[in-house]
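Here is the structure we will look at.
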């Protein structure tokens, strides 16, 4: 989708290979010969420091920072992922230490920078060290954040208690910190105007119905599966249903898009409310959402769910294709898929009286997209059906158009 802030493709690939291999001397030489790399991003969106974190190259993170790569460059919409967020999510103490040493900001927009909460989520080995480092570098450890999935305020202490991070809880208690609920004890049970506005904007009327539909038809979503909201436009959340013995696949789905009707053409009113979902292999590392090889499903779910409100448009009927840039580029470094098929294959009726369309996302090869352009959507869908291509994403499947 993005072409700005990129090195030429050959140089970009060369630089990525050097980072992945951890070749420090070659990286120093590369940056000396191509100083424009400092103001570029991998594939136009991922900062090189973040990419180094994702490749578990902590020494390269420190090296790039010493070469004046920014510790605060983010990935832009829809995720706004910073190197510090990626390092905390990846539980890399060495990378977090280096980023803070070189000036990574620890406070900012609460919809983007929730470092204290991120630090204690998912039972990280270095949670306590992260909390102390963030505090040492000026982070407000006591800040409360509205959690769209739990529909309440959370902070580092409440999340540490949820994840049973006992050492973190003991430390935060020793500092006198309280959970959001404890802060409200003895206060009138009346929400402030600001809280009423937040709750009104995020009121999960249709969202509850979508969650309940997936719960009834597929399985229980993870309690804290909602990722951070996009700070502009319609708040979009991504929920995850983890695999089970009788359901050997991961399901991710959005809520937020269906809260408002899309701007559909006359006669297409049945497609005015929608959400998106994708199903992935049981082994999919969906919590590694900052790693481009694993995080592209979340990125595309959220991006496409934001698209209608950003452009006053709709998703395009029963089936449509969306390419990653033009000409199409791979969705991730480890795949040749370049395009997404969005296909309505589930619907249900909302209490609002509207039909909710659920668009399944399925990755395609460039040649499959070209087949659709030449011969139409029915030809593409028929080719996929004849070849028995599963709806659950298969990263090793054959290309039906070659």
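Here, each number is a calculation from the coordinates, and none is a lab measurement. Computed from a predicted structure; not experimentally measured. Using ideal geometry, Cβ is built from the backbone for each residue, glycine included, and neighbour counts are taken over all protein chains shown.
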Next item on the list: Return the Rg/Rh value of the chain, two decimal places, where both radii are evaluated on C-alpha atoms and Rh is the Kirkwood radius.
Entry: 0.98
Checklist line | Chain lengthening between residue 184 and residue 33 when straightened (0.36 nm per residue, less Cα-Cα) | finding: 48.6 nm
Next item on the list: First measure r as the distance between the Cβ atoms of residue 394 and residue 260, then evaluate 1/(1 + (r/R0)^6) with R0 = 45 Å and state the FRET efficiency to the nearest 0.05.
Entry: 0.85
Next item on the list: Fewest Cβ neighbours within 10 Å first, please rank 124, 178, 398 accordingly.
Entry: 398, 178, 124
Check: With r defined as the distance between the Cβ atoms of residue 129 and residue 323 and R0 fixed at 41 Å, what FRET efficiency is calculated, to the nearest 0.05?
Finding: 0.45
Next item on the list: At 0.36 nm per residue, minus the direct Cα-Cα distance, what do residue 348 and residue 167 gain on full extension? Give it in nm, one decimal, please.
Entry: 60.6 nm
Note to self: Using a 7 Å offset from the Cα along the Cα-to-Cβ direction at both residue 313 and residue 66, what is the distance between the two label points in nm, to one decimal?
What the structure shows: 4.7
Check: Applying 1/(1 + (r/R0)^6) with R0 = 30 Å to the Cβ-Cβ distance of residue 56 and residue 382, what FRET efficiency is obtained, to the nearest 0.05?
Finding: 0.10
Next item on the list: Work out Dmax and Rg for the stretch 9-195 from the C-alpha atoms and quote the Rg first, both in angstrom.
Entry: 18.6, 63
Checklist line | Label point distance in nm, residue 107-residue 13, each placed 7 Å from Cα along Cα→Cβ | finding: 4.6
Check: What order do you get for 310, 239 when you list them from fewest to most C-beta neighbours inside 10 Å?
Finding: 310, 239
Item checked: Cα→Cβ-extended label distance, 7 Å offset, between residue 212 and residue 374, nm -> 4.8
Item checked: Full-extension gain in nm, residue 283 to residue 222, via 0.36 nm per residue minus C-alpha separation -> 20.3 nm
Checklist line | Distance histogram for the stretch 204-386 (every C-alpha pair counted, 10 angstrom bins, percent rounded to whole numbers) | finding: 9, 37, 39, 15, 1
